[in-house]
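Trainee: Would you mind keeping the following structure in view while I ask a few things?
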Ligand code: NAD
Ligand code: TDX
């Protein structure tokens, strides 16, 4: 891997991946292809060596036929990624997540380029709180939200193109990421930036929903492991044994920020809200020797809180618009 395209490389995970690759594999040249939607910020990759930014849409077949040929791989992070937005307006999710993945598959097929598709554990639906099971690569797809159903559709396209046309594709399905540069609409940054602005955090429903948290650096190293050592045609689940209820996470945020643990509001629940996600990452550990290095959640959380405190100029311009969207959704 010497020359790769990173779609969505100005978003949260894509930009962390770009910075991680630049640090750990400085010989790799990266072209970031990003539409710069509300979620994309070129400042996220400013100053990173060996990176070129092409502003454009993954649905633009003509553009793909210019940038894809001759690459070692396309690493596909670009997506509409927020569940609440998908409930309020699903159309861009269909376009970017489904049609965009289709266009990339066609470009990779035509030009014989490897594709790594970055996906989510949400394609498996949810588990009950008391279910001992965790998701594995064999769990049947059962997505619940417009967002997760479009990600499930994109995974299916990748599998079909790999089997039918022999596209050299791999897929990773990761659990909930946290860390620096995450958009203020998402759970942890929303609560941290609320506290920083003197506003109360907002917890959906009873707050007992469980997410399986992983630091974004560990997701980056997992995607790299699949790119370098993954078997073409395979799917790898990525997680760091980080199951926690939203209530626990919120109380931890409040503790780290020196606030009383009950200083938050309960608000209307998300329609169709998935109860619990949990990943069994044995396959990527066993086959690729991947290990999470940032598995201490409370340490990573404290560092993330400090990052938002030190980077107000990065998140403040996006905060009012994000809260306006929530007001319209009344969450
Ligand atoms: P994000 O919303 O922060 O970033 C998405 C990026 O894609 C932005 O830079 C945006 O400008 C770009 N983009 C959107 N539409 C585009 C288009 N049509 N063409 C080109 N670029 C476009 O998302 P994220 O949280 O960084 O997620 C990245 C990927 O990882 C997504 O595919 C998501 O499904 C997956 N994922 C996310 C998580 C998580 O916890 N956030 C977990 C597992 C998987
Ligand atoms: O204000 C909030 N209050 C709240 O209680 C917000 C924004 C969220 N929540 C809850 C909903 C979820 O149970 O917190 C949990 C996490 O919410 P999000 O950050 O919106 O993440 P989630 O819906 O779990 O999806 C995330 O992980 C999987 C990413 O956004 C997806 O892109 C990824 O695929």
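Derivation of every value follows stated rules applied to the coordinates shown; laboratory data play no part. Here the structure is a predicted model, which means the values were calculated and not measured. Counting neighbours? That spans all protein chains shown, and the Cβs are built from the backbone with ideal geometry, glycine included.
Trainee: Rounded to the nearest 0.05, what FRET efficiency do residue 60 and residue 273 give with R0 = 35 Å and r taken as the Cβ-Cβ distance? Could you check? Show your work: numbers first, answer last.
Mentor: Details: r = 34 Å, r/R0 = 0.98.
My answer for the efficiency is 0.55.
Trainee: Next question, about the same structure. Tell me, in nm to one decimal, what length is gained between residue 263 and residue 91 on full extension, where the rule is 0.36 nm per residue of separation less the Cα-Cα distance? Write out the running numbers ahead of the final one.
Mentor: Details: separation 172, 0.36 × 172 = 61.92 nm, distance 3.60 nm.
So the chain would gain 58.3 nm between residue 263 and residue 91.
Trainee: How large are Rg and Dmax for segment 46-148 when only the alpha carbon atoms are used, in Å?
Mentor: 16.5, 50
Trainee: Could you tell me the center-to-center distance, by alpha carbons, between segment 233-268 and segment 16-49 in angstrom?
Mentor: When both Cα centres are located, 27 Å separates them.
Trainee: Which value, to two decimals, describes the C-alpha radius of gyration of segment 273-320 once divided by 2.2 N^0.38 Å?
Mentor: 1.71
Trainee: PRE reach from residue 156 (point 7 Å along Cα→Cβ): which of segment 205-244 fall under 18 Å by backbone N?
Mentor: Counting only backbone N, you get 235.
Trainee: Moving to a separate point now. Taking the chain as a Gaussian network, Cα atoms linked when under 10 Å apart, which of 76, 219, 25 shows the biggest mean-square fluctuation?
Mentor: The residue that fluctuates most here is 25.
Trainee: Something else: Kindly provide the pair-distance distribution of segment 208-314 built from C-alpha pairs, with 5 Å bins from 0 and whole-percent values in order of increasing distance.
Mentor: The distribution over segment 208-314 is 2, 11, 17, 18, 17, 15, 11, 6, 3, 1, given as percents.
Trainee: How large is log10 I(q)/I(0) at q = 0.26, 0.27 Å⁻¹ when the Debye formula is applied to the Cα atoms of segment 170-246, each weighted equally and without solvent?
Mentor: The calculated log intensity ratios at q = 0.26, 0.27 Å⁻¹ are -1.20, -1.24.
Trainee: Under a GNM of the chain (C-alpha, springs under 10 Å), which listed residue has the highest mean-square fluctuation: 15, 148, 221?
Mentor: Looking only at 15, 148, 221, the biggest GNM fluctuation is shown by 221.
Trainee: Sequence gap at least 6, Cα distance under 8 Å: using those rules, report the relative contact order of segment 1-50 to the nearest whole percent. Display every interim value, and only then the final one.
Mentor: Details: 75 pairs, mean separation 23.8, N = 50.
About 48 percent, as a whole number.
Trainee: Among 246, 311, 97, which one moves the most in a GNM of the chain with springs linking Cα atoms closer than 10 Å?
Mentor: Of the options given, 311 has the highest mean-square fluctuation.
Trainee: Label residue 248 and residue 312 with points 7 Å out from Cα along Cα→Cβ: what is the distance between them in nm?
Mentor: 3.3 nm
Trainee: Taking square-rooted eigenvalues a ≥ b ≥ c of the alpha carbon gyration tensor, is segment 111-187 rounded, prolate or oblate, where a/c under 1.5 means rounded and, failing that, a/b exceeding b/c means prolate? Write down the numbers at each step before the final one.
Mentor: Values: a/c = 2.20, a/b = 1.38, b/c = 1.59.
The shape class here is oblate.
Trainee: To continue, here is another question. Extension gain residue 46-residue 321, at 0.36 nm per residue separation less the Cα-Cα distance, in nm?
Mentor: Working: separation 275, 0.36 × 275 = 99.00 nm, distance 2.32 nm.
Taking residue 46 through residue 321 to full extension adds about 96.7 nm, to one decimal.
Trainee: Which value in Å is the Kirkwood Rh of the chain over different Cα pairs? Don't jump to the answer; show the numbers that get you there.
Mentor: Details: mean 1/r = 0.0500 Å⁻¹.
Hydrodynamic radius (Kirkwood, Cα only) of the chain equals 20.0 Å.
Trainee: Taking R0 as 25 Å, what's the FRET efficiency between residue 27 and residue 291 from their Cβ-Cβ distance, rounded to 0.05? Working shown, then result.
Mentor: Details: r = 23 Å, r/R0 = 0.93.
E(calc), rounded to 0.05, equals 0.60.
Trainee: Let me check against my output: what whole-number percent is the relative contact order of segment 232-331, with C-alpha pairs under 8 Å and at least 6 apart?
Mentor: Value for segment 232-331: 38 percent.
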